Amino acid sequence: MCGAKTRQGGTCQNPPVAGATRCRMHGGSSPQAKAAADRRLAVAAAEREVARLGARRDIHPAEALLELVHWTAGEVDYWRAKVVELADTDEDALTWGVTRVKDGGDDRGTTEEAGPNVAYRMLTDASNRLAAYAAAALKAGVEERRVRLAEKQGALVADVIRGILTDLHLTPEQELLVGTVVPNRLRQLAATEGAPA
């Protein structure tokens, strides 16, 4: 149902144009509405395709970031080749070109104006996304390395403490104190590591 307000004060009962929100009598056939309807239909078709073909898969976040980096790097290479190709054939093509074509009306014709070419804009967009994905991947890798390093240091400290206690040949009474003394001292060490120097 269109839903636009009629002259009589009711709502229009006509069906909207495919992909549009209004019927042809209430603006559904205007060029802007047709363009928006085409975009909506394309998005809906893509969403149906993803729902039909896209399958959930388990992936580690670091691997997902690396995949994004690799795919986006390929995209950057593609758009860079297009920009180089444009620059080789016509240097003005990067900054000057057709921006609008209109049929009918007083302002019909082709409009050319200065502005970045689509390939250049896509290259810039892909490069920015690649930089963001790469930075996130590096940060994730650094954080993961820090965690592994801290775990390794913790295991080394535990081994050293066990070795010291074994070498001391403690009495049974002293061995009972180990369970409270060692954790307290390690907590003190952890507290001083977190404090500013």
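The values are calculated or read from the model by the stated rules, or taken from the named source; none is laboratory data. Just so you know, these numbers come straight off a predicted model, no measurement behind them. Heads up, the Cβs are rebuilt from the backbone with ideal geometry, glycines too, and the neighbour counts pull from every protein chain shown.
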task: Might you check whether a residue that is surrounded by 10 or more Cβ atoms within 10 Å (Cβ to Cβ), in contact (Cβ under 8 Å) with a residue 60 or more places away in the chain and aliphatic (A, V, I, L, M) occurs anywhere in region 170-177?
output: no
- line: Per the filter on region 3-31, residues part of a loop (DSSP other than H, G, I, E, B) and over 28 Å from ASP103 (Cα atoms) are GLY3, ALA4, THR6, ARG7, GLN8, GLY9, GLY10, CYS12, GLN13, ASN14
- request: Output yes when any residue across region 21-34 is touching a helix residue (DSSP H, G or I) at 6+ places or on another chain (Cβ under 6 Å) and surrounded by 15 or more Cβ atoms within 10 Å (Cβ to Cβ), and no when none is.
  value: yes
Failed item in (1) surrounded by fewer than 15 Cβ atoms within 10 Å (Cβ to Cβ); (2) over 30 Å from ASP125 (Cβ atoms), with ARG56 passing the rest: (2)
- prompt: Here are some conditions: (1) under 30 Å from GLU143 (Cβ atoms); (2) modelled with pLDDT under 80; (3) part of a helix (DSSP H, G or I); (4) among the aliphatic types (A, V, I, L, M). ALA55 meets all but one. Which one does it not meet?
  reply: (3)
